Amino acid sequence: MTGDNNGKHTPDNDSIAENLTLINEDNPAGVTENEAASQEYRPVVTPEMVNIFINEAMELFEEAETALLELEKSPEDREYIEQVFRVFHSFKGNAGFLGYRDYEKLSHKAESIFEDIRKGRSLVNEETVSVLLSVIDVMRDGTRNLKPGETADLPGKDILIDLLDNLEIFSQLLPEMTEQPPVDTPAGVTVTCTVKEEEDFFYQNGQCRDNHGEETPCPPPLEKPEGKERCKDPEHDAGSPENNKKQSTIQRAIRVDVEKLDSLLDLVGELVIAEAMVSHNPDIQGLQLDRLDKSLLQLTKITREIQDMAMSMRMIPLAGTFQKMTRLVRDLSLKVNKRIKLVISGEETEVDKTIIEQISDPLVHLIRNAADHGIEAPEERMAAGKPETGHITLEARHSAGEVLIIVKDDGRGLNRQKILKKAGKLGLLQDEAKDLKDEEVWNLIFEPGFSTADNVSSISGRGVGMDVVKSQIGKLRGRVDIRSTPGQGTIFSIRIPLTMAIIEGMVVRVGKAGYTIPIISIKESLQPRPEQITVTPGGLELITIRGEILPVIRLHELYKIKPTYKNLTEGIVIVVESDAKKCCLFVDELAGHQQIVIKALSGYFGKVRGISGFAILGEGEVSMILDITSLVNSAESLLENSTAKHAV
Amino acid sequence: MKILIVDDTTFMRYNLANIFKGMGCEVAGEAANGQEGVELYKKIKPDLVTMDITMPVMDGLQALKAIKQHDPGARVVMVSSMGQREFVLESIKSGAAGFIVKPFHPDKIKNMIERLEKGLPEISLPGTQAN
């Protein structure tokens, strides 16, 4: 207490305030001398602290990135401004606690830029967003590699701090220049994009502040009627629940270790099997047991519900993955100098977390391709009578036990001639290329080593081809279809089964053995008539179904089992399809379809041909799940060999 | 002593909880924003609340006021990096029992708890307790 009370002051305010003397007005962080002393203090940093810090930082950066991209679209949205401010503020606090000075400094700079913005002293523009996105990128890369006990230097931070300083200086210079023509950014600023509408930018920065940095009442709007909005009192608006509805959806959630979820699903799988073992138990077959049946029915019902619940716990909306694409398209369009807009729909669609983890890379690849090869340059679009801005649509929805993800562009479409030429060079074509259906031509781009770009650019075609997209989606048991119309664009439809661990399977019998075929691969099953069957000179049997000639694989021969039927007309032929290629599997009979819990092959088996895993059937019997893709491929090569022999 | 921690970052809640647990205090609840903080306060009636200021949904100052309105005897210590004068003043006027500026030394928390337990004047401002 200084005792300097001249009676005029209300005792509550200024006496306390003087007592505080702690806050150095020149120091916007509010760091006092006392605090400076405590900054020397380095807490004992445990690995867990660093882990929590990193995980949270990743979430915070993502939050800020999303908000910044939204601000680029609607620069005055208070909610997003508050959000970005809060993220940098929170991150600064966390980094400060661990003594990560570089991070603290950089996030403090970013925070103060947004402090100005939320106080109405400055406004968001494209440049702000670009610089701050770079700041996030750099901090994210650095944060990811932080280790306990190591110093946290942030290479390149000086450049970023310069950029942020420039943003600040520029916005402070503006009030004096209101009557002058628009100016360029100060020398030395290297930003990835330039201000789009200088007039607008000009106006935005100058109006709500006088030369002393004091807030002044907003003058009547000049060009922009919404100008008044900017002068809303941020302190007043900041915390009110109405204004923060979007953020208030904090879920009543707890964090659960992913491993626990995985083992829960394993256990549920066991439960499904055990339930089937009880209800299909041979001991009770054929008996009239009303009360037991009723209880079993109840058991079955609850088991299904638990199964659904366990699955739904692993389901995550695609929103996060899709959101990253917004950033991707933004950066791409700047890089390739095209105007591209990403339209997202169905981002609330939920899929298994395994899908989330693995779908991102293929999507990035498809979108890169669309931006680089699909969408034309603005002049070319105008010449073709299309709107200058190209659209890439990313859409997701559920359809019949699958999730359907569509990547669509309104660009120039695939070029049949170019693809065929390239495929010819690569030796992918038999001689009858002209008869190929469009669909088959498009599928050629999934062949390894295929890329139609004449010059490999830095964006797409960096050695990883579309074949990787296909194999990654294949790993998820999914498939990709392409539709393309010249001049109108290309549509990639990705279909992936919703769940990875439990599938619908058809159990088939061959002799005493039971095999399981995923229902999704089955096209039809039939008992062939003699006139449908032909045999090649090489000994391969073929069945003609509605004009299509399909090779037959006899499962009993493949797995060397004694079958009940050897004659094709006596048993059952199942037509299976993978990657638009089909073949027939010959079995004795269909034993019915059921939910199959997939058990992976143990490592010591190595890779077994034609088998993708095991299933335990209701009776406790182990059944092999057929790997349809590899079977179809081997049938294809059998067919080629036998026709080749035929030709000789 | 039963403590309620209100902070929007997991990291800060984790660190504060560790400090309190190390001192033998019971962390009775953690909230990620002001609104959750107020609701939890009513439920668990803690002896002490640590309150961040910048938080989503409802900020710390509003939460402080809401808690004081509900229970005038509540002891709420603001823990924030918003050390600006306006925030400190506003906190004190609204009935905060203390104000600790982030980043802080764990001893600061210890001193504060000791003082509150001894029933010493509750205002413990950084700067007034230097040395």
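Every number in this text was worked out from the coordinates using simple rules, so none of it is lab data. It should be emphasised that the depicted structure is a prediction, and the values quoted were computed from it without experimental measurement. Cβ atoms come from the backbone with ideal geometry, glycine included; neighbour counts cover every protein chain shown.
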Mean other chain Cβ within 10 Å across B:58-67 is 2
Quick calc, chain B, dipole around Cα centre from Cβ unit charges on Lys, Arg (+) and Asp, Glu (-), nearest 20 debye, gives 260 debye
Spelling it out for A:H391: with amide H atoms placed in the peptide plane at 1.01 Å from N, the residues 5 or more places away or on another chain with amide H under 5 Å from its amide H are A:K341, A:D410
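Ratio of alpha-carbon Rg to the 2.2 N^0.38 Å globular estimate for region A:316-497, to two decimals, please. Don't jump to the answer; show the numbers that get you there.
Values: Rg = 16.1 Å, N = 182, 2.2 N^0.38 = 15.9 Å.
Its radius of gyration relative to the 2.2 N^0.38 Å reference: 1.01.
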Note: A:349-358 gets an average of partner chain Cβ contacts (10 Å, Cβ to Cβ) equal to 0
Packing-ranked peptide list from A:592-598, B:63-69, highest mean Cβ count within 10 angstrom first, is B:63-69, A:592-598
The size of the Cβ-based charge dipole (Lys, Arg +1; Asp, Glu -1) of region A:316-497 about the Cα centre, to the nearest 20 debye, is 340 debye
Cα extents of region B:2-118 along the principal axes, largest first, in whole Å, come to 31, 30, 30
Burial-style ranking of A:80-92, A:59-71, A:293-305, average other-beta-carbon count within 10 Å with highest first, yields A:80-92, A:59-71, A:293-305
Over all pairs of different Cα atoms in region A:338-428, the reciprocal of the mean inverse distance gives a Kirkwood radius in Å of 15.1 Å
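Highest mean first, what order results for A:364-373, A:626-635 on Cβ atoms within 10 Å? Intermediate results must be reported in sequence, preceding the final value.
Values: A:364-373: 22.5, A:626-635: 20.3.
The densest-packed peptide leads the list: A:364-373, A:626-635.
Given R₀ = 35 Å, FRET efficiency for A:I284-A:L601 by Cβ-Cβ distance, to 0.05?
Numbers: r = 32 Å, r/R0 = 0.93.
Here the calculated transfer efficiency is 0.60.
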Percent of all Cα-Cα pairs per 10 Å bin for region A:502-647, counting from 0 up to the last occupied bin, reads 11, 41, 36, 10, 1
For A:S345, the residues 5 or more places away or on another chain with a placed amide H closer than 5 Å to its own amide H are A:L394, A:E395, A:A396
In units of 2.2 N^0.38 Å, the Cα radius of gyration of region A:258-313 is 1.32
Partner shielding of B:97-105, as the mean number of partner chain Cβ atoms within 10 Å, equals 6
A correct Karplus calculation of ³J(HN,Hα) over region A:293-307, with 6.51 cos²θ - 1.76 cosθ + 1.60, θ = phi - 60°, whole Hz and x for Gly and Pro, returns 4, 5, 5, 5, 4, 4, 4, 4, 4, 5, 4, 4, 5, 4, 4
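Taking other Cβ within 10 Å of each residue's Cβ, how do A:F114, A:F605 sort, fewest first? Walk me through the numbers before you get to the answer.
Details: A:F114 25, A:F605 10.
Exposure proxy ranking, most exposed first: A:F605, A:F114.
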